[in-house]
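Engineer: Would you mind keeping the following structure in view while I ask a few things?
Bear in mind these aren't lab numbers, they're just calculated from the coordinates by the rules spelled out. What you are looking at is a predicted structure, and each value in this text was computed from that prediction instead of being measured. Neighbour counts are summed over all protein chains in view; Cβ atoms, including those assigned to glycine, are modelled from backbone coordinates with ideal geometry.
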Amino acid sequence: MKHNPTHIGQVESVSGNSVTIKMASNYPSNMPIVQGTVYRIGQIGSFLKIPLGYANLYGIITQAGVLAMPESLLIAYKENPAIVDGHRWLRIILVGEQVGSSFERGVLQSPTSGDQVHLVTNEDLRIVYGGYNSKSSIVIGNQSASEGLAAQLDMDKLISRHCAILGATGSGKSNAVSIIVKSISEKPFPSARVLMIDPHGEYAGLMTGKCQVFRVGANEADGEKELCVPFWALPFKELAAIFPGRLSDQNEDYIRGKVLDLKRISARSMVGLREEAITADSPIPFSINQLWFDLDNFERITFKADRTTPETLVALGDPATLKSNQYPTAGLGSSAPFLNTKAKGILGFLDGMRSRLLDQTYNFLFRPVGYSPNLNGSTNNDLPSLFSTWFGHGFPVSILDLSAIPSETIQTISGCILKITYDALYWGQNTLVGGKKQPLLIILDEAHAYLKAGENSISSRTVQGIAKEGRKYGVGLLLVTQRPSELDETVLSQCGSIIALRMTNSRDQGHVSSAMQDELREMADVLSSLRTGEAIVSGEAVRIPSRVKFFQAKNAVKSSDPIASKLWTKAQPDMAEYGIIVRNWRNQSFK
Ligand SMILES: Nc1ncnc2c1ncn2[C@@H]1O[C@H](COP(=O)(O)OP(=O)(O)O)[C@@H](O)[C@H]1O
Ligand SMILES: [Mg+2]
């Protein structure tokens with residue numbers, strides 16, 4: 001009888017959905033050619049088929065080699081390696097069943113030892129990998145098992161159930177992100193909405209014509225827009241946390257009361273607001289300079305002999321420039337001038353607040369152009385215009401390029417952006433721009449930078465909130481990181497899909513495999529040997545876990561690293577530049 005080239009071996013033992021396969025010792029090649037296509041046998045992550053009557057069971061290879069042997073045989077083998085006798089071993093995990101042209105996840109039947117095991121041909125794979133709805137699926141690359149076959153993702157699940165892209169530096173994460181975003185933006189979706197937080201400024205070049213870039217210090221000639229995040233839109237606690245000093249609960253309540261007063265005053269000129277609904281958390285403009293000045297004045301004021309009349313000022317302060325009022329120094333003991341006995345002892349905090357307010361790297365927050373309140377709390381523009389700038393530019397993707405911002409600030413800025421956006425979508429849940437009517441995909445590249453485990457920052461609190469509740473409000477997360485072990489575990493566990501690229505560090509591998517489906521954990525070993533751009537994709541966005549090779553984006557991701565070998569060829573710069581450094585440093589400015 002002619003040898004059937006797809007028949008590669010037989011079932012040796014079955015335990016649950018894990019099946020050990022013994023390959024025929026006379027199988028001619030590791031790379032057989034069936035109907036003109038080369039197949040690679042024994043690739044971790046590829047499929048094998050076990051025909052059972054009318055149905056075919058499909059399993060994914062999780063182990064190959066001697067370790068894939070049944071336990072009992074492995075012991076015998078260790079004593080006498082000769083028993084292998086030219087056979088090779090594979091272990092598969094059963095993942096689905098095909099009857100006719102329909103493929104279903106999960107298996108009803110179980111194979112028994114002796115059943116034939118076959119190579120999965122392209123024709124079979126088309127059935128296995130098919131079944132995606134063409135309207136909602138995106139093509140991101142090819143199946144590693146067979147290069148002619150497209151690798152698809154269910155975009156709806158990807159967005160609504162969150163996804164994590166994990167892999168070492170250089171494994172192809174940014175490329176994968178741009179392929180995913182590109183294929184979304186190439187679909188006929190006039191109201192697609194993707195918000196990308198881009199810490200290295202890599203993505204703008206990849207998505208020319210599909211995105212609007214926002215940057216601190218925007219280059220408007222290039223079509224970029226200035227990134228503004230008005231501080232007054234933040235809840236009080238998040239705002240207070242931006243300042244370096246810590247406050248006692250009592251003092252926090254005291255300042256909260258002052259913020260509320262200022263917000264109430266501003267709100268009087270706004271129409272349609274219920275005064276009793278306003279809190280210190282309401283996104284209502286107020287002058288933070290005035291707040292600082294009032295708080296500071298209360299600490300410094302001294303009184304005349306009657307202890308109620310303020311002393312005459314020695315020097316008049318100015319809220320606009322954050323200059324304190326100066327009073328005559330208090331006398332000792334029972335002689336005037338008297339100190340303010342009600343002062344809160346928060347001069348230290350106010351000092352930290354002042355220096356942050358003056359720090360130019362925080363201009364996007366405290367002096368956002370158009371959104372910066374004057375001393376009576378009114379602004380030229382309000383939040384609706386901010387949101388329409390962020391999302392109403394007509395492109396599917398909004399890129400917030402944070403490359404110009406120092407890393408400690410990145411945490412705060414991305415946290416503030418996410419908080420404001422998420423709050424807006426929460427309160428807009430019944431409107432046409434709410435997430436339920438117009439879902440939003442938020443992409444966080446280098447997520448470990450602002451989502452550290454155990455850290456209590458505005459960014460990690462917000463991302464945790466979105467991870468847990470986002471799907472209710474139509475907000476999806478795509479997290480990208482090279483250090484899954486540093487990422488907050490609850491966030492990772494909320495990701496319905498995992499795209500695992502090459503990962504060499506064993507601690508990180510452990511975190512990736514624990515985030516993957518239980519049955520695929522054995523595959524974690526293969527992570528260290530994946531090619532650049534190759535990934536194990538598992539979870540809800542794929543019909544079946546698979547090993548895929550992402551397409552390569554045309555304009556490769558631009559690296560913003562300075563190139564020493566090139567830059568050092570220039571002549572020594574003028575030493576006067578160091579003078580500029582120190583001046584900028586002292587002025588807290590880059591100009
Ligand atoms: N699917 C792919 N095919 C070929 N080359 C790729 C692929 N993905 C990434 N690369 C290349 O690998 C390098 C690193 O990719 P990048 O996406 O920047 O990695 P990461 O973001 O994980 O550090 C880039 O030069 C990129 O062009
Ligand atoms: Mg990257």
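Engineer: If we count every other residue with Cβ under 15 angstrom of F338's Cβ, Lys/Arg +1 and Asp/Glu -1, where does the sum land?
Structural biologist: So the surrounding residues net to +1.
Engineer: Distance between Cα centroids, region 142-163 to region 287-358: provide it in whole Å.
Structural biologist: Using only Cα atoms, the two centres lie 62 Å from each other.
Engineer: Okay, next question. Taking the Cα atoms of region 205-266, what is the range of coordinates along each of the three principal axes, in descending order and whole Å?
Structural biologist: 51, 27, 18
Engineer: Further, regarding this structure: State the antiparallel share, in %, of DSSP beta bridges confined to the chain, rounding to the nearest 5.
Structural biologist: On the way: 60 of 89 bridges.
Percent antiparallel among DSSP bridges in the chain is about 65.
Engineer: While we're looking at this one, here's another question. Using every pair of alpha-carbon atoms in region 6-75, split the distances into 5 Å bins beginning at 0 and state the percent of pairs per bin, rounded to integers.
Structural biologist: So the P(r) values, bin by bin, are 3, 14, 25, 28, 18, 9, 3, 1, 0.
Engineer: If you don't mind, another one. Could you state, as a whole-number percent, how many of the C-alpha pairs of region 7-129 are farther apart than 26 Å?
Structural biologist: 18
Engineer: Can you pull the Rg over Rh of region 236-360, Cα-only, Kirkwood?
Structural biologist: When Rh is taken as the Kirkwood radius, the ratio is 1.02.
Engineer: Could you give the spread of the C-alpha atoms of region 338-410 along their three principal axes, from largest to smallest, in whole angstroms?
Structural biologist: 62, 31, 15
Engineer: Considering only Cα-Cα distances, which of the following residue pairs are longer than 18 Å: K173/K549; K210/K554; K187/K549; K258/K419?
Structural biologist: In this structure, K187/K549; K258/K419 lie more than 18 Å apart at Cα.
Engineer: I would also like to ask the following. For a Förster distance of 51 Å, can you work out the FRET efficiency between the beta-carbons of N376 and T569, rounded to the nearest 0.05?
Structural biologist: The formula returns an efficiency of 0.40 here.
Engineer: Another one. Grab every C-alpha pair in region 485-586, bin the distances at 10 angstrom width from 0 up to the longest one, and report whole percents.
Structural biologist: 12, 29, 22, 12, 17, 8, 0
Engineer: Give me the one-decimal nm value for the distance between modelled label points at N80 and L67, 7 Å along each residue's Cα-to-Cβ direction.
Structural biologist: 2.6
Engineer: Tell me, Kirkwood radius of region 155-301 from alpha-carbon pair distances, in Å?
Structural biologist: With all distinct Cα pairs of region 155-301 included, I get 19.5 Å.
Engineer: Which number do you get for Rg(Cα) / (2.2 N^0.38 Å) in the chain?
Structural biologist: The chain yields a ratio of 1.24.
Engineer: Seen from all sides and averaged, what is the projected area of the convex hull of the Cα atoms in region 163-236, in nm²? Present the calculation step by step, with values, prior to reporting the outcome.
Structural biologist: Values: hull surface 28.9 nm².
For the Cα atoms of region 163-236, the hull's average projected area reads 7.2 nm².
Engineer: Give the average over all directions of the projected area of the C-alpha convex hull of region 372-446, one decimal, in nm².
Structural biologist: So the Cα hull casts an average projection of 6.6 nm².
Engineer: Let me ask something else about it. If you rank H7, H511 by fewest surrounding Cβ atoms within 10 Å, what's the result? Show your work: numbers first, answer last.
Structural biologist: Values: H7 14, H511 21.
In order of increasing Cβ crowding within 10 Å: H7, H511.
Engineer: If you project the alpha carbons of region 488-530 onto their three principal axes, what span does each projection cover, largest first, in Å?
Structural biologist: 27, 20, 14 Å, listed from the longest principal axis down.
Engineer: Sort K225, K135 by Cβ crowding within 10 Å, fewest neighbours at the top.
Structural biologist: K135, K225
Engineer: Can you give me the C-alpha center-to-center distance between region 438-462 and region 184-258, rounded to a whole angstrom?
Structural biologist: 12
Engineer: Determine one quarter of the surface area of the Cα convex hull of region 343-496, which equals its mean projected area, and express it in nm² to one decimal.
Structural biologist: Mean projected area for region 343-496: 11.6 nm², to one decimal.
Engineer: Here's a follow-up. Order of L316, L530, L273, L520 from fewest to most other C-beta atoms within 10 Å?
Structural biologist: Ranked by crowding around the Cβ, least crowded first: L316, L273, L520, L530.
Engineer: Right, next: Under 14 Å Cα-Cα from K436, which aspartates and glutamates qualify once same-chain neighbours fewer than 8 residues away are excluded?
Structural biologist: By straight Cα distance, K436 reaches D156, D423, E469.
Engineer: Given the peptides 320-326, 124-130, arrange them by the average over their residues of other C-beta atoms within 10 Å, most packed first.
Structural biologist: Values: 320-326: 14.7, 124-130: 18.7.
Top of the packing list down: 124-130, 320-326.
Engineer: Starting from 0 in steps of 5 Å, tell me what percent of the Cα-Cα pairs of region 280-418 lands in each bin.
Structural biologist: Here the calculated profile for region 280-418 is 2, 8, 14, 16, 16, 13, 9, 7, 6, 4, 3, 2, 1, 0.
Engineer: Where a Cα-Cα gap under 19 Å defines reach, which aspartates and glutamates qualify for K225, not counting those fewer than 8 residues away within the same chain?
Structural biologist: The reachable aspartates and glutamates, counting only those whose Cα sits under 19 Å from K225, are D198, E202, D382, D401.
Engineer: Just in region 8-52: which trypsin sites (Lys or Arg not before Pro) are loop by DSSP and have at most 14 other Cβ atoms within 10 Å?
Structural biologist: For trypsin sites (Lys or Arg not before Pro) across region 8-52 that sit outside H, G, I, E and B with at most 14 neighbouring Cβ atoms in 10 Å, the list reads R40.
Engineer: Now for a different question. Once you have the Cα-Cα distance between T169 and L313, take 0.36 nm times their residue separation minus that, and quote the gain in nm to one decimal.
Structural biologist: Full extension from T169 to L313 adds 45.9 nm.
Engineer: Additional query: When every alpha-carbon pair in region 80-222 is counted, what percent end up more than 22 Å apart?
Structural biologist: 59
Engineer: Follow-up. Starting from a Cα-only point model with no solvent, please compute log10 I(q)/I(0) by Debye for region 496-555 at q = 0.12, 0.19, 0.29 1/Å.
Structural biologist: With one equal scatterer per Cα and no solvent, log10 I(q)/I(0) is -0.27, -0.64, -1.29.
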